[in-house]
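Here it is, the structure in full.
The values are calculated or read from the model by the stated rules, or taken from the named source; none is laboratory data. Predicted model only: the values in this text are computed from it and were never measured. Quick reminder, even Gly has a Cβ in these numbers, built from the backbone with ideal geometry, and neighbours come from all protein chains shown.
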Amino acid sequence: MDHLKGEKMQKKTTIQPAEGKLGILTVGLGAVSTTFIAGVLAAKKGFAKPFGSVTQMGTIRLGKRTDHKSPLVKDFVPLSPLDSLTFGAWDIFEDNAYEAALKAGVLEKKHLDPLQEEFSQLKPMKAAFDRNYVRKLDGQHIKSAKTKWDMAQMVIEDIQRFQSDNKVSRVNMIWCASTEAFLQPKNVHASLEEFEKAMKENNPAIAPSMIYAYAALKLGIPFSNGAPNLTVDIPALQQLASETGTPLSGKDFKTGQTLMKTILAPGFRARLLGITGWFSSNILGNRDGEVLDDPDNFKTKEESKLSVLDTILQPELQPELYGDLYHKVRINYYPPRGDNKESWDNIDIFGWMGYPMQVKVNFLCRDSILAAPIVLDLILFMDLAKRAGMKGIQEWLSFYYKSPMVAEGLYPEHNLFIQQMKLKNTLRHLMGEEPITHLGLEYYE
Ligand SMILES: NC(=O)c1ccc[n+]([C@@H]2O[C@H](COP(=O)([O-])OP(=O)(O)OC[C@H]3O[C@@H](n4cnc5c(N)ncnc54)[C@H](O)[C@@H]3O)[C@@H](O)[C@H]2O)c1
């Protein structure tokens, strides 16, 4: 295959080494953040394995199948080691990480106690908070400032203090705070100039998540959005990311029911099985569930959850199979379950000659257990992206999100397996390896 030889000479991207400590700032110190941090501390001490994490346990095939070369991802790309991670957070409640983890009720006390000394030293900084965006919560550990602009300066000072107190060489920020009320892009989000003016004028369309993101991007700190809030999905902040050479990614961690959806739907689509209805129902009883009990906050989540099927099934290409699909998502707040969510999916499908069939999925999942490795991977890959000189939207990290951010004019890729290929090929590309297309004709020549 002579014509492939030229393509094999890929150029390796220059990547700055992962020297020194990597500071991680989580916005929100609730179920997801504390489960993530506890898991990293436990892995460092050898108490637990980082199951579910591509950066820690994933392998990547290089070259032909006959080469038998599949190193660990972390041995292939220069990632920050777990030992280098140092944590900080903001929350509207004063509880330290150990207390917050006990309240979140994801991990058992017997698994938290061995980490207590280190874990309880992590005390959240005062939050940039606005009750108009999360009516169900009322914390006292919050900043007060005259304008949203002043608030952003306070967050910038927090970051700089965290950086010098902990002597970290790089910082990464990730939104793991509550889902904010639904917000649509407005004029004030259209350009950085308009956005900064609106912050100074205390415009209600500047959400707290945007204040944190602004502070991070201004300092060149990669920002990831784990919730479905609008946050960095606006031209103003993308412009800022571009100006400061900073990667951003989002939005809404892909866990639980949506993860299942993006595993199953590509299979139905690939085998051309039609779908007439997909009814998804959930019960969950954690603080996230309580916040989502408010219709405005649920609307933000609903948009994110509903968008998934359309781009996988492509009803415009297959109207007979997917043109009449009824898709409904319900989330019910049910306190007795805590973080241990249960979901039911009823999927009405049809096949040969239109004969109907049904698929039922009952997933008894643990939301934060599924989200924690995503947080770790995102942070390490976003840090890699920054060191590799990548800026703006990191579409190759779509694998981790329910509503992947994409460049204007593109539709997001929701199929988990395409997302995985995109991620791994990006890593190969960065390291000067040939992307894998799975063509494989050369084996039969
Ligand atoms: N767990 C999952 O699988 C999953 C999946 C996708 C998305 N998410 C999203 O991740 C986020 C975190 O989920 P969780 O289960 O940890 O929720 P949680 O309620 O346990 O934690 C969120 C924390 O954020 C704090 N907070 C709210 N507004 C804040 C602000 N402006 N500044 C600082 N702190 C603030 C809250 O006090 C709370 O402690 C939610 O938005 C959720 O929708 C979670």
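Six or more apart or on different chains, Cβ atoms under 8 Å: show the pairs whose first residue is in region 418-445 and more than 16 Å from SER398 (Cβ to Cβ) and whose second is loosely packed, with under 10 Cβ neighbours inside 10 Å.
What qualifies is GLY432/LYS11; TYR443/THR66.
Pairs needed: first member in region 246-275, among the charged types (D, E, K, R); second member anywhere, assigned to a strand (DSSP E or B); C-beta distance under 8 Å; at least 6 residues apart or different chains.
Listed pairs, sorted by first residue: LYS251/ASN225; LYS251/TYR401; ASP252/ASN225; ASP252/TYR401; LYS254/TYR401; LYS261/TRP278; LYS261/SER280; LYS261/ASP345.
I've got another one for you. Taking region 270-304, which residues are in a strand (DSSP E or B) and more than 10 Å from the ligand (Cβ to nearest atom)?
GLY274, ILE275, THR276, GLY277, TRP278, PHE279, SER280, SER281, ASN282, ILE283
Being within 16 Å of the ligand (Cβ to nearest atom), in contact with a His (Cβ under 9 Å, 6 or more places away or on another chain) and assigned by TED's automatic domain parsing to the domain that holds SER33 narrows it down to one residue among MET173, MET151, MET125; which is it?
Matching residue, one of MET173, MET151, MET125: MET125.
In region 236-269, which residue that is of a type in the set (Val, Ile, Thr), assigned to a helix (DSSP H, G or I) and out of contact with any strand residue (DSSP E or B) (no Cβ under 9 Å at 6 or more places or on another chain) is nearest to SER209 (Cα to Cα)?
Within region 236-269, the match that is nearest to SER209 (Cα to Cα) is THR244.
Just one of (1) surrounded by fewer than 21 Cβ atoms within 10 Å (Cβ to Cβ); (2) aliphatic (A, V, I, L, M); (3) assigned to a helix (DSSP H, G or I) trips up VAL32, so point out which.
It fails just one condition, (1).
Just checking, which of ILE221, ILE263 is at pLDDT 90 or above and surrounded by fewer than 18 Cβ atoms within 10 Å (Cβ to Cβ)?
The conditions single out ILE263.
Restricting attention to region 99-115, and to residues there that are more than 18 Å from SER178 (Cβ to Cβ), within 16 Å of the ligand (Cβ to nearest atom) and in contact (Cβ under 8 Å) with a residue 24 or more places away in the chain, which single residue is surrounded by the fewest Cβ atoms within 10 Å (Cβ to Cβ)?
By that ranking, first place goes to LEU112.
Name every residue in region 260-269 that is within 15 Å of the ligand (Cβ to nearest atom) and within 15 Å of TRP344 (Cβ to Cβ), in order of residue number.
MET260, LYS261
Also, I was wondering about something else. When you go through ASP67, ASP83, ASP91 one by one, which is the residue that is closer than 29 Å to HIS111 by Cα, assigned by TED's automatic domain parsing to the domain that holds LEU423 and surrounded by fewer than 17 Cβ atoms within 10 Å (Cβ to Cβ)?
Checking each option against the conditions leaves just ASP83.
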